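To start, the structure under review is shown below, and the notes come after it.
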Amino acid sequence: MFRKGSNVAKLLKFSFGSFLRGLVWVLVLAGAIVARADSTNATLAKFEAESGTLGTDWAVSNSTSPAYITITTGGAGSTPSSAARVATYSVSFPTPGTYELYARVRVGPGTFDDDSMFYGNGFGVKDPTLASGWIFVNGLADKGFTAATNVVTGGGTAGSGVWKWINLSQFAPGPIFTVAASNQTQTFQIGARENGLDLDAFAFGTTGYNFTVGNLDAGADGAPPTNSTCTVNWTNVFQRIDGFGASSAWRSTWNSTVADRYFSTNTGLGLSLLRTRIAPGGTTVESSIMRLARDRGARVWSAPWTPTTNFKTTNANGVFSLSGGSFVGNTANYQAYANQLAGYVVNMKNTYGVSLYALSVQNEPDFVTTNYESCGWSAQQIHDFVPYLSAALTASNVGATKILIPESESWGSGPGLYNTTMTDTNTAPLVGVIANHNYVSDNNNGDQSVPAALNSYGKALWETEVSTFNAYEPSMTNGIYWARRLHQFLTVAQVNAWHYWWFNAGDNSGIADSSDNLAKRGYVLGQFSRFVRPDFYRIGVITNFGTAL
């Protein structure tokens, strides 16, 4: 949940209407994550761990009750690594619907060295070496439930050495498991990681219903939550919210209807951040869009995809080009390029009345391609350039614009590009925002891992670009995927801001189609952006049906 300002008095004063809008946001998000089925009672599809087709590295223990499986070889990494470490099951579901995955596990004496595994990212056979096919489960040592009356969620406090149930779909969020009436038998796989984790049984239970340990032990149906409670801890304050947004890069015009659709808090999504492109040479074609966003209360910031070729090496084809090549780091280039970027900020303020909130040093400095504008920068070059840029902004009377680094192409590899700057006491104070993108090796499938809580060195932490690039898919199934991603970035990575890639596109890289008709993922983003406004704070909320915000 989110609150405005830094004290409860301010929250209680800022209007009951705002509170109701926030409550609607919480209910909508909870509904997206734990949407209930239509039946009176939930259904359960339970199966024993030893009942599947086991890879050769699995062993079945029949010496004690219950029978269980365990892996005989240790492993690490982000995949099971081989078919020998995969178990395959054919699961018959009693009814169509959406399901969550439960597991009965026992963590060995190694505790946090014995408590990880994988489950399939959706139904079907997965490549054991491809990370996008698997959901990584880690940290089971101190989670789970043992008492028969316990409702099983993704939490719990059961320790090691005991059999316990846990909701893996909530503990390590992955796909919505959807079963159609036309195909109620599905193939499902698990993968091994650390040895020392024993697996007794699995169950798929209808999404949004309560299953107790007793239900799961008996293979019995669950029931809808009754007397649901929501505990709000006003003093458990997490990160400040800077906003939600997308990019208008390469687009030059909007009309007021389109601007309202994206930025109005009355009739639109209420986006509060606009990411724009700085063209080579320090110009832009997006000035009118920037003003429309500004007039609707959004913060505007900019990023260059490449400087002009006089600042660069040749690219992979051996030519000087805007597409590819790397920045040539020397005193003259640092000074000249810093002056150019500062001049861009000044021009936006003086000519168009747009005061830029932040300025990125470089879009994806670790992804150099000849397919479009790009430029490579090393961590040391970013470190060396930041003082020049800070001084140029200050000298131009636009020092309030925050410097943003490094905008790595992938979330997890970002620290390699910004640690050099942020561990230097001379350069760290000059940076205002730590930011990265969230692309992976399979960008049609998207990132299925839980985003890491990166070290932001006390600065704002932003996710500044992500999408998939597959064919346009506007359905709520896709929307639910992005609801989970947003929720994970806010609650696990604890970002201050989150951006989709484009506003509109002919494929899934936009939140709308090429005519600005919103896909369901756009509406999902709006459930955050319209009701969770800049300078709100995330606070602790726990419900008795397993959702924590």
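Along the charge dipole of the chain, pointing to its positive end and built from +1/-1 on Cβ of Lys, Arg, Asp and Glu, which listed residue (THR72, PHE211, PHE531) has its Cα farthest out?
With unit charges placed on the Cβ atoms, the residue in question is PHE531.
Among the chymotrypsin sites (Phe, Trp or Tyr not before Pro) within the range 392-463, which fall in a DSSP loop and have no more than 16 other Cβ atoms within 10 Å of their own Cβ? Present the calculation step by step, with values, prior to reporting the outcome.
Details: sites: TRP411, TYR418, TYR439, TYR457, TRP462; in loops: TRP411, TYR439, TYR457.
Here the sparse-neighbourhood loop sites are TYR457.
If one computes the Cα centroid of the range 232-261 and of the range 128-170, what distance in Å separates the two points?
34
Using the heavy atoms of the protein chains alone and a 1.4 angstrom probe, what is the accessible area of the chain per residue in square angstrom?
Numbers: 20750 Å² over 549 residues.
It amounts to 38 Å² per residue over the chain.
Along the positive direction of the dipole of the range 355-484 (beta-carbon charges: Lys, Arg +1; Asp, Glu -1; about the Cα centre), which of THR401, TYR372, THR468 reaches farthest?
Farthest along the dipole direction, towards plus: THR401.
Please list SER441, SER467 from largest to smallest accessible area, probe radius 1.4 Å, with all protein chains kept in place. Can you show the working numbers first?
Working: SER441 120, SER467 5 Å².
I get SER441, SER467, largest accessible area first.
Using a simple spin-label model with points 7 Å from Cα along the Cα→Cβ vector, what separation in nm is obtained for ASN330 and ALA148?
Result: 8.0 nm between the two label points.
If I take R0 = 51 Å and measure r between the Cβ atoms of ASN347 and VAL232 in this structure, what FRET efficiency does the formula 1/(1 + (r/R0)^6) give, to the nearest 0.05? Before the final figure, lay out each step's value.
Numbers: r = 46 Å, r/R0 = 0.90.
About 0.65, to the nearest 0.05.
If the only charges are +1 at each Lys and Arg Cβ and -1 at each Asp and Glu Cβ, what is the size of the charge dipole of the range 158-302 around the Cα centre, to the nearest 20 debye?
On the way: 11 positive and 9 negative charges, 199 e Å.
In debye, rounded to 20, the range 158-302 gives about 960.
Which FRET efficiency value, to the nearest 0.05, do you get for THR178 and THR257 by plugging their Cβ-Cβ distance into 1/(1 + (r/R0)^6) with R0 = 45 Å?
On the way: r = 35 Å, r/R0 = 0.78.
The computed FRET efficiency comes out at 0.80.
If I stretch the segment between SER413 and THR88 completely, what's the gain in nm (0.36 nm per residue apart, minus their alpha carbon distance), one decimal?
Stretched fully, the SER413-THR88 segment lengthens by 113.7 nm.
Net charge near THR401: determine it from the other residues with C-beta under 13 Å of the C-beta of THR401, scoring Lys and Arg +1 and Asp and Glu -1. Mind showing how you got there, number by number?
Numbers: positive: ARG299, LYS349, LYS402; negative: none.
Surrounding charge for THR401 is +3.
Would you mind working out the magnitude of the charge dipole of the range 365-484 relative to its Cα centre, with +1 at each Lys and Arg C-beta and -1 at each Asp and Glu C-beta, to the nearest 20 Debye?
Values: 3 positive and 11 negative charges, 76 e Å.
So the magnitude is around 360 debye.
If DNA, RNA and ligands are ignored and the probe is 1.4 Å, what is the ranking of LYS164, LYS46, LYS349 by accessible area, most exposed first?
LYS349, LYS46, LYS164
Quick check: pseudo-label points 7 Å beyond the Cα along Cα→Cβ at ALA316 and ALA400, how many nm apart are they?
So the label points at ALA316 and ALA400 sit 4.3 nm apart.
Can you give the net charge of the other residues whose Cβ lies under 13 Å from the Cβ of ASN470, counting K and R as +1 and D and E as -1? Please list the in-between numbers first.
Details: positive: ARG521; negative: ASP442, GLU473, ASP507.
Result for the local shell: -2.
Mind grabbing the accessible area of TRP165 for me, 1.4 Å probe, Å², rounded to tens?
Rounded to the nearest 10, that gives 0 Å².
Find which of SER272, VAL346, SER256 sits farthest along the positive direction of the dipole of the range 238-369, computed with +1 on the beta-carbon of Lys and Arg, -1 on that of Asp and Glu, about the Cα centre.
SER256
Rounding to the nearest 20 debye, state how big the charge dipole of the chain is about its Cα centre with +1 on each Lys and Arg Cβ and -1 on each Asp and Glu Cβ.
Details: 34 positive and 35 negative charges, 398 e Å.
Around 1920 debye, computed over the chain.
For the modelled label position 7 Å from the Cα of ALA218 along Cα-to-Cβ, which residues of the range 117-152 have backbone nitrogen atoms closer than 12 Å?
What the label zone holds, given the 12 Å backbone N cut-off, is 148-149.
Given the -39500 (n - 2.57) contribution per DSSP H run of 4+ residues, what per-residue ellipticity at 222 nm results for the chain, rounded to the nearest 500 deg cm²/dmol? Let's see the in-between values first.
Values: 11 runs with 124 residues, N = 549.
-7000 deg cm²/dmol, from helical runs alone.
Quote the relative contact order of the chain in percent (integer), defining contacts as alpha-carbon pairs under 8 Å separated by 6+ residues. Let's see the in-between values first.
Numbers: 1315 pairs, mean separation 87.7, N = 549.
Normalised by residue count, the contact order of the chain is 16 percent.
For CYS230, CYS375, what's the largest-to-smallest order of accessible area, 1.4 Å probe?
Details: CYS230 75, CYS375 0 Å².
The ranking, largest first, comes out as CYS230, CYS375.
The values are calculated or read from the model by the stated rules, or taken from the named source; none is laboratory data. Please read all numbers here as calculations on a predicted model, not as lab measurements. FYI the Cβ positions are ideal-geometry reconstructions off the backbone, even for glycines, and counts take in every protein chain you see. Surface areas here come from the heavy atoms of the whole protein model, side chains and all, with no ligands, DNA or RNA. Shrake-Rupley method; radii C 1.70, N 1.55, O 1.52, S 1.80 Å.
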